[in-house]
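Before any comments, here is the structure.
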Amino acid sequence: MTKRNYRITKETLAILPKYDMEYSATIIEQNGDVDRQEKPLDIIKENCLHYGASYQGRKESVTYRLGYKQKVPIPISPERGIYAFPTKSATAEGCCWLFLHAIVAVEVVNNEVVVWLVNGEKLVSDVSRYVLGEQMRKAGACGVVIK
């Protein structure tokens, strides 16, 4: 890697796939975007390890404690209140990772599902408002149970 590993913090709002020759992810932060060579899931996995447990271990813990088996939210750093959730299966093409602390609202605007972030940015989602609502609910439950 040419740059240091990306560190997810409360400034991290979303990690989106990027289809570019040089970059595989765009990270939306409170004050701007960061492009990275690593894929979104790899960034999530590395940060789980940095904050004390493997991605697989965190996922298994959520499944064990809450029974979620699909599109499992991941407590990146429960101590810091950082919970991420995938918009699709974590390995699916086009999966975005959103952070519970970053979302202000999810609404339908002109037949598009829009996610409003705390910094005023909006993301247009390719999944339904219902799916996003369920994912937010799961991540919220994760935040209550896994601290």
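The values are calculated or read from the model by the stated rules, or taken from the named source; none is laboratory data. It should be emphasised that the depicted structure is a prediction, and the values quoted were computed from it without experimental measurement. Positions of Cβ are generated from backbone atoms using ideal geometry, with glycine treated the same way; all protein chains shown enter the neighbour counts. Ligands, DNA and RNA are excluded from the accessible area calculation, which covers all protein heavy atoms including side chains. Shrake-Rupley method; radii C 1.70, N 1.55, O 1.52, S 1.80 Å.
Data for the structure
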| read-out | value |
| --- | --- |
| Computed label-point distance, nm, for sites GLU112 and VAL145 using a 7 Å Cα→Cβ extension | 3.5 nm |
| VAL131/VAL104 FRET efficiency (R0 25 Å; Cβ-Cβ; nearest 0.05) | 0.90 |
| For LYS122, net neighbour charge (Lys/Arg +1, Asp/Glu -1) across residues whose Cβ lies under 13 Å away | -3 |
| ³J(HN,Hα) computed for each position of region 60-66 - Karplus, 6.51 cos²θ - 1.76 cosθ + 1.60, integer Hz, glycine/proline x | 5, 5, 5, 4, 5, 7, 10 |
| Probe 1.4 Å, accessible area per residue of the chain, Å² | 53 Å² |
| THR63/GLN30 FRET efficiency (R0 30 Å; Cβ-Cβ; nearest 0.05) | 0.45 |
| Where a label projected 7 Å from the Cα of THR91 along Cα→Cβ would reach, residues of region 45-83 with amide N under 20 Å | 45-49, 54-64, 68-75 |
| Point-charge dipole on Cβ atoms (K/R +1, D/E -1) for region 93-147, about Cα centre, debye to 20 | 320 debye |
